[in-house]
Each structure stands twice: as structure tokens, then as C-alpha cells.
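Visitor: Quick one: the structure is below, and I'll ask about it shortly.
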Amino acid sequence: MTIVSFLLAGSWFSEFWAAFVEQLTQRLFGHKDIGEEISEAIMQVQMSFSAGDHTLIITDSVIVTWIAVAIMLIVVAILLGKPTKDHKLTKGQTILVSLTELVISTAMSFGMNRKQAEEVAPMAMTFGLVLIACNSISYFHLPPPAKNIAFPVGCAIVAIIYVIVMTFKFIGIKGFWISLTQPIIIMLPFRLLDYVIKPLSLALRLFGNVFAAFVFMEFLSVSLPVIVPGIAGLWFDIIDGLIQAVVFAYLTMNYIGENIETYNEYMEHPEEHQKKKKSKKSKSEAVAA
């Protein structure tokens with residue numbers, strides 16, 4: 001019985017090895033149209049579901065986002081772990097606490113106070129962690145959601161809406177108006193235009209970097225499918241994805257901080273602005289006279 005099992009195992013292994021060598025040879029030396037394979041990789045995979053008279057279309061970006069977010073939540077849950085009886089932090093909890101303190105201190109460096117920074121930190125960390133998961137998942141040969149322009153545009157719109165909401169919450173309508181009109185009222189149209197340029201910049205930066213890295217890694221996978229893509233992917237998939245996520249969260253906090261800092265400067269030196277108003281009024285009266 002043992003001999004039969006051994007022979008069957010040897011037969012299975014030989015068949016597996018033969019198939020593996022055949023696939024590897026085909027991958028390395030077979031005829032490949034690199035442009036066609038990259039084009040196929042770039043194209044969105046769509047699946048449709050019918051619900052009565054309506055058809056719901058789900059792309060691969062949506063599915064990969066769900067997978068990435070699920071993995072991220074599992075990792076965070078593992079790091080959190082269970083509370084210990086002596087209330088001491090575990091290694092995972094220490095990592096999360098240190099990361100949170102880093103985000104809070106970064107937010108405070110943009111002009112927020114401690115309370116404001118603590119309110120902004122959860123959303124900033126959510127942006128960062130979700131984008132890290134979504135960008136890095138391409139290392140496992142899954143298409144990163146950000147290669148679909150809709151994903152970074154959606155993230156950027158959410159981010160700029162969050163910036164506006166938190167600005168209103170922290171400094172009110174008056175403060176928001178001050179942030180739009182300082183140092184002079186003529187800045188108003190340019191500051192309003194800023195709220196179009198900022199999300200556009202966030203979206204295009206994320207899309208451009210992730211899309212370029214994805215295309216380059218697909219090229220390496222087709223032309224040099226063994227070893228090289230795995231090594232290069234450590235940078236282009238993981239490190240570059242990490243950098244883009246950090247930049248996105250960093251700029252979101254920075255935009256909020258800019259508004260708060262402008263308002264604080266105005267409130268700290270109101271006499272300067274009163275002098276400017278008086279000087280303008282006296283000039284206008286002199287001209288009228």
C-alpha cells in the first residue's frame with residue numbers, strides 16, 4: 001500500500017513538474033504581444049447583476065477595494081488584540097498608539113490645537129490605511145483600484161468635502177470667509193478656484209503614480225516574469241503605494257490647517273486689518289475730495 005501511494009505521489013509530482021516547466025517555458029520564451037497584454041490588464045473588468053428592471057454594474061476596482069479594506073480591517077484587529085488584565089499595551093497596540101500620536105502631532109504642526117488634531121486624526125488615518133491597502137494589493141497581482149480614475153476622483157471629492165466641513169466646524173462661517181478673503185478681498189476667486197484645483201491635484205497625483213507603477217509592473221511581468229517583478233514590486237507596489245497614501249492624508253490635514261492658521265493669524269492681529277481698512281477708506285475719501 002505504501003509503495004502504491006509512493007508511486008502515485010511520484011506520478012502526480014512528475015505531472016505537476018512537467019506542467020510547471022511547460023508553463024514557465026511558454027512564459028519565458030513563448031510569443032508575446034506585450035502591448036496587447038498590458039492593454040488587457042489596463043481594461044476594467046465589469047460584472048453586471050440584475051435587480052428587477054435595473055442592472056447593477058460592478059467593476060474589478062470595487063471588488064478589489066472590498067478585499068483590500070477587509071484585509072486592512074483584519075490586520076488592524078490583529079494589532080488591537082484583546083485588552084490585557086494588567087492594562088499594559090501589547091506590541092500591536094503600541095504600534096497603533098504611536099501611529100496615532102504621529103498623525104496628531106503632524107496635524108498640530110499645521111496650526112491645529114490638540115483637540116482639533118484629535119478630531120481630524122481618525123479620518124486622516126482612514127484615508128491613509130485604506131489607500132495603503134488598496135495600493136499595495138497590486139503586489140499580489142490584483143489590479144489596484146486607483147488605476148481606475150473614478151477611485152482617486154471619489155477619494156479626492158470626499159477629502160475636499162471633509163476639509164470644508166471640518167473648517168466650518170472649527171472656525172465657523174466667519175472663519176471660513178476670512179480664510180477665503182485674506183490677506184485681501186481680491187483673493188476670493190482664487191481661493192474658490194483652490195477648491196477645484198486641490199481635489200483635482202489629489203486625484204491626478206494618486207492616479208498618475210499608481211497607474212504608471214501598474215503599467216510598469218505589468219511590462220516587467222510580461223517581459224521578465226521570474227524574480228525581477230517580485231523585487232521591483234517591493235518599491236513600485238508597496239513603497240510607492242505607501243508614499244502616495246501618506247501624501248494624500250498629509251495634504252488633507254494640511255488643507256484644514258491652512259484655513260485654521262489663516263483665521264488664527266487674523267484673530268491674533270485684528271488691529272492690522274483695521275488699519276488697512278481705515279487707510280483704504282481715507283484714500284477713497286481723499287480721491288473723492
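Visitor: Based on what the data block shows, is LYS174 assigned to a helix (DSSP H, G or I), over 21 Å from the mean Cα position of the chain (by Cα), charged (D, E, K, R) and at pLDDT below 90?
Guide: Yes: the conditions hold for LYS174.
Visitor: Tell me, yes or no, whether region 131-141 has at least one residue that is touching a Gly at 6+ places or on another chain (Cβ under 7 Å) and over 24 Å from VAL75 (Cβ atoms).
Guide: No: zero hits.
Visitor: Test of understanding: among PHE211, PHE219, PHE207, which residue is closer than 30 Å to SER138 by Cβ, over 21 Å from the mean Cα position of the chain (by Cα) and crowded, with 16+ Cβ neighbours inside 10 Å?
Guide: PHE219
The values are calculated or read from the model by the stated rules, or taken from the named source; none is laboratory data. As the structure is a prediction and not an experimental result, all values here were calculated from the model. Because the Cβ atoms are built from the backbone with ideal geometry, glycine has one as well, and the counts that use them run over all protein chains shown.
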